[in-house]
Amino acid sequence: MNYNFFLTMEERDFFDEKPENKPSTLTCPHCHQAAEYQLQWLVRTKKRQLPARADERDRARFAKARSYMVRRDDLVACKNLRCRKRFEVSGVQSVAFLD
């Protein structure tokens, strides 16, 4: 029986992760007021070296890997005190490559 598929590395083994907040100007679709919101992102930076347990497939995947950010916030609450409705974050991409 071949157990190689159990030993393959996961994507998170190739990256260091850290949370980060970035400002973004959004407009509430309910009250149409624009405001600046701090959106949460998960920044994944590629490690300098591949861990020692990697095989040829892992080396190929690591060579193609790029640092990127993933947006964690999908909804925000309007900052207008009269509105305060939650709305979906649109117009801000959910994944951004860091090159």
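What follows draws every value from the coordinates through simple rules; no lab data is involved. Computed from a prediction, not measured in an experiment: that's the story for all the values here. A quick note on method: Cβ atoms are made from the backbone with ideal geometry, for glycine too, and the neighbour counts reach across all protein chains shown.
Give me the Debye-computed log₁₀ of I(q)/I(0) at q = 0.11, 0.21 Å⁻¹ for the chain, equal point scatterers on Cα only, no solvent, two decimals. Values returned for q = 0.11, 0.21 Å⁻¹ are -0.50, -1.01. Farthest toward the positive end of the dipole of the chain, out of ALA52, THR27, PHE15, is the Cα of THR27, where the dipole comes from beta carbon charges about the Cα centre.
Among the listed pairs LYS22/LYS46; LYS18/LYS79; LYS18/LYS64, none has a Cα-Cα separation exceeding 30 Å. For the chain, applying the loop criterion from DSSP together with a ceiling of 14 other beta carbons within 10 Å to the GluC sites (Glu not before Pro) yields GLU10.
For the chain, adding -39500 (n - 2.57) for each run of n ≥ 4 DSSP H residues and dividing by the number of residues yields -3000 deg cm²/dmol at 222 nm.
Assuming charge only on the beta carbon of Lys and Arg (+1) and of Asp and Glu (-1), the dipole of region 4-97 about its Cα centre is about 220 debye to the nearest 20.
For region 84-99, putting each phi into the Karplus relation 6.51 cos²θ - 1.76 cosθ + 1.60 with θ = phi - 60° gives couplings of 6, 6, 7, 9, 6, 6, 10, x, 10, 5, 8, 10, 9, 7, 10, 10 Hz, in residue order, rounded to whole numbers and with x for Gly and Pro. A simple rule links phi to the HN-Hα coupling: the Karplus curve 6.51 cos²θ - 1.76 cosθ + 1.60 with θ = phi - 60°, which for region 24-31 gives 8, 8, 10, 10, 5, x, 8, 9 Hz, with x for Gly and Pro. Taking other C-beta atoms within 10 Å as the exposure proxy, SER67, SER94 rank SER94, SER67 from fewest upward.
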